[in-house]
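Have a look at the structure below, then the notes.
The values are calculated or read from the model by the stated rules, or taken from the named source; none is laboratory data. Quick caveat, the model's predicted, so the values are computed rather than measured. FYI the Cβ positions are ideal-geometry reconstructions off the backbone, even for glycines, and counts take in every protein chain you see. Heads up: the accessible areas ignore ligands, DNA and RNA and are worked out on the full protein's heavy atoms, side chains in. Shrake-Rupley method; radii C 1.70, N 1.55, O 1.52, S 1.80 Å.
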Amino acid sequence: LKMSSFWFYLPLHLLIAACLCHSIKVPTTSSQQSFKTDLFNFYHSLILADGKETTVHLLKDIPKRYYFVLEEGRALAPFTITVTPCDVPIEWSVLVHKASASFLGTAAQGDPDTQEVSKSQQAPSVVSTIFNYKGNSVETYMGMSSHSALYLLEFLSTERDTHITVYLTTDTSGHLYPELPMDPRIDVVGIGHTTVTLTWKHSPSVLQHRENIQYCLLVNEKHNYKSLCAAETAIRSSGMKLPPALALSLSPYLLEPQQVMILSNSELSIINKASSGEVRQICMGTKNTYTVPSLSPSTQYYFDVFVVNVLTNASAAYTGTFARTLEEPEPKVTELKDGKVIQVVLDGKKQKFYSLQYQARHKKIQFTFQLCRGQVRVHITRNGKTVALENISGLRCFSLKGKLLDTYLVQLRSTEESNSSVKVQVSPHFHKPLFPLLPESLKIKSFSKLRTCNSVTIAWLGTQEESKYCVYKKKIEEDQVWMELQSADRCSGPESRHKSEKVLCKYFYDINLQRAVTTETIKGLDAGMLYLFDVYLFGPSGIPVRYHSKVVKTRKKC
């Protein structure tokens, strides 16, 4: 059957429906009955509800048709039809069939939910297509209807199965969809390495119904979306389950495992971690300026803003835009000078490398690293080739041999999320070491059996080189132990301590390393209290090395 054949038989179908509602027997022939069966199978049409958004599911290459008749008694009735494709482009048309007013008045008396369309004889009529559209944008047709006109909407998807939403209304006083401003573009007003700042003109709906309207922003790396419906469909098709009206469903229990919800400063962010990339939905109330954070440098992002009615879930899309974040700047390279010590603080959250460069003036050089806090990964290259790569703890020296004017690049990175700190020195003078000769272990030992109510005994290892050792103590509470041990700066010297914390300083050494150990009994302590003990070792250069802190508790009863 062709479209023209369908319209040929349409008016009598309505007449039959009306007659059936009034129990009027309508004579039919076998050919008419056969035709009506074909008509039902291939061109069955549904009535489109007025004032209600209807979801229509389309099968590939199979047209689907809806019709509507405006209420009788109105000479001219304005109406609008809004169609929102939720996936692929579709084709849809509005056709009008004009017949006599008395005919339509009779036909419209039946139950519209059970009406079907057929005809065995042709009646005088005029059929015309008054609107046709093909694409995936949200499109609205506005028309003026006569009560003697019957309208048909025809939808077709030629790419794949899909779904759309259709909204028909004759009420010109209200708006299901929020209104867009005269200029619906999104303006990019700022671009950084990891941020993009957007602004857009306010929707008239926000100004009129502020409590029921909000803006939602969609960020992704693939392309812009013409509607919120299309965006949600795309996220689902990527392999994730997406709750309906996700931008409006603010309850955390609706989130799927692949989704992360962040609520801060009255802004809701939902991050969908799909295999094809990350999609963010951010609802920010009625603010019309927003800075998108935590983007990747040198990456193109697409931004879509939707103005959403939180009561009806209806939304309207601004014209999407895109922007590319700035390239990440080359890390600054600090020049190292012979014998000079520098201290570097590394940001654990950003996980960025800190670069140091040194041009050798001697064939043999030595890099020395003293870890002050956290954990640090060291990568040393010579003329672009790796010569050292490891995570360091405590004090670490690298003795390297090369050629004059070799270029060394040292890259440092924190291996923890918290900040790390390290001191670095390069020197060709092996006979003048920066740090003192270190013992086999920098641990402090305490003797439980020698504890009393007012004293503790501690011991530590020394070296074959006569050096100065200073002991410090600090009374702490139970809940301070973890923080004191974690935040301790192992590069800081006694100058950072209060004078009252100093216990003593002493010199000692032993040629026999087996006997290079010393003990001290610290008296004058309070019973049942925790004390933090530190030992500082000073070498010829005067730069101290701090032993690992030790916490000891005095006896409560003696």
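Tabulated data for the structure shown
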quantity: Förster radius 45 Å - calculated FRET efficiency between LEU405 and ASP479 (Cβ-Cβ, nearest 0.05); calculated: 0.25
quantity: Cα pair distances of region 134-226 binned at 5 Å [whole percent]; calculated: 2, 7, 14, 17, 17, 15, 13, 9, 4, 2, 1, 0, 0
quantity: Solvent-accessible area, 1.4 Å probe, carbon plus sulfur percent, for region 333-428; calculated: 45 percent
quantity: Label-point gap, in nm, between THR129 and ALA459 - each point 7 angstrom along Cα→Cβ; calculated: 9.9 nm
quantity: Candidate aspartates and glutamates - alpha carbon under 16 Å from LYS385, same-chain residues fewer than 8 apart omitted; calculated: ASP406
quantity: Sites matching chymotrypsin sites (Phe, Trp or Tyr not before Pro) across region 377-474 that sit in DSSP coil, with at most 15 neighbouring C-beta atoms within 10 Å; calculated: PHE430, PHE447
quantity: Equivalent ellipsoid semi-axes, region 318-463, via Cα gyration tensor eigenvalues times 5, rooted, Å; calculated: 37, 27, 10
quantity: Sorted peptide list for 548-556, 302-310, criterion being average Cβ within 10 angstrom, highest first; calculated: 302-310, 548-556
quantity: For region 333-428: relative contact order, % (alpha-carbon pairs under 8 angstrom, 6 or more apart); calculated: 47 percent
quantity: Proximal lysines relative to LYS60, as straight alpha-carbon distance under 16 Å, when same-chain residues fewer than 8 apart are discounted; calculated: LYS134
quantity: At 1.567 mPa s and 4 °C, Stokes D of region 444-553 from Kirkwood alpha-carbon radius, µm² per second; calculated: 89 µm²/s
quantity: Relative packing of 50-56, 316-322, which averages over residues the other C-beta atoms within 10 Å, highest first; calculated: 316-322, 50-56
quantity: For region 283-324 and region 434-474, distance of Cα centres in Å; calculated: 61 Å
quantity: Out-of-range pairs (alpha-carbon distance over 21 Å; input LYS201/LYS222; LYS340/LYS443; LYS337/LYS363; LYS352/LYS423; LYS423/LYS502; LYS475/LYS556); calculated: LYS201/LYS222; LYS340/LYS443; LYS423/LYS502
quantity: Residue-level accessible surface for MET483, protein heavy atoms, 1.4 Å, Å²; calculated: 110 Å²
quantity: Full-extension gain in nm, LYS52 to VAL503, via 0.36 nm per residue minus C-alpha separation; calculated: 154.0 nm
quantity: Extension gain, LYS60 back to GLN486 (0.36 nm per residue minus Cα-Cα distance, nm); calculated: 147.0 nm
quantity: Per residue value of the accessible surface for region 333-428 (all protein chains in place, 1.4 Å probe), Å²; calculated: 53 Å²
quantity: Area accessible to solvent at ARG451, 1.4 Å probe radius, in Å²; calculated: 60 Å²
quantity: Most to least packed among 81-93, 149-161 [average Cβ atoms within 10 Å]; calculated: 81-93, 149-161
